[in-house]
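Data block below; observations after.
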Amino acid sequence: MMWCGINLQWAYTDLLGYIRFKVTCPHVAKDILHDAFIRFTVSTSINKGVEPHAYMRSIAKNLIVDAYNTSQRFVSLDAEVGLNREWLESPTLSVEHLNDIKQRLEMIQQILEQLPPRCRQVFWMYRVEGYTHPEIAEKLGISKNMVERHVMRAILDLSSARELIALNDE
């Protein structure tokens, strides 16, 4: 069965299998495949008609990279805050655990408050709101390099604080 020059059987077997292998989550793989279909149909590229399957595969590869980059913006609660699953799954947390979480969050808040206002704003837009560097640069009227510097400064300050937390825990 063909659709817009794409063999759907190929798309849902070979291409979806390739995407699933790269992203490891079947739901994300299907989302990427469907996004690739949409981008393929709205594309005005000359290559689209010549080699539609190759063009579709290159769209999917770019979407896989985008999905990876997006996933890297979000931090695992287990890895970054130092929580373990038993705490999250238990119906009640002990007072010690709650105090530990509160202290860590207060330390992060203090570090963020010590950043210059523009640096804090850029970091918030990047890590929380999910804007890309070029989008932030355009919205704030600054260069992309300045956005990168602000983000790096905030990340370095937070990492050094995380190292201090780790030293205090030992």
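Structure data summary
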quantity: Qualifying positions in the range 24-43 - in contact (Cβ under 8 Å) with a residue 12 or more places away in the chain and either farther than 24 Å from residue 71 by Cα or open to solvent by less than 30 Å² (accessible area, probe 1.4 Å) (or both); calculated: 29, 32, 33, 36, 37, 40, 41, 43
quantity: Positions within the range 119-133 being outside any helix (DSSP H, G or I), open to solvent by 40 Å² or more (accessible area, probe 1.4 Å) and modelled with pLDDT under 85, in sequence order; calculated: 129
quantity: Any hit, the range 101-118, residues being modelled with pLDDT of 85 or more, in contact with a helix residue (DSSP H, G or I) (Cβ under 6 Å, 6 or more places away or on another chain) and open to solvent by 70 Å² or more (accessible area, probe 1.4 Å); calculated: no
quantity: Test result for residue 63, surrounded by 11 or more Cβ atoms within 10 Å (Cβ to Cβ), at pLDDT below 75 and not polar (S, T, N, Q); calculated: no
quantity: Residue count for the range 134-145, restricted to those that are surrounded by 13 or more Cβ atoms within 10 Å (Cβ to Cβ) and outside any helix (DSSP H, G or I); calculated: 1
quantity: Qualifying residue in the range 86-93 (condition: among the hydrophobic types (A, V, I, L, M, F, W, C) and at pLDDT 80 or above); calculated: no
quantity: Output for the range 146-160, where each listed residue is open to solvent by less than 50 Å² (accessible area, probe 1.4 Å) and aliphatic (A, V, I, L, M); calculated: 147, 151, 154, 158
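The values are calculated or read from the model by the stated rules, or taken from the named source; none is laboratory data. Nothing here was measured: the structure is a model prediction, and the numbers come from that model. Cβ coordinates were reconstructed from backbone atoms using ideal geometry, including for glycine residues, and neighbour counts include every protein chain displayed. Accessible surface areas use protein heavy atoms only, side chains included; no ligands, DNA or RNA. Shrake-Rupley method; radii C 1.70, N 1.55, O 1.52, S 1.80 Å.
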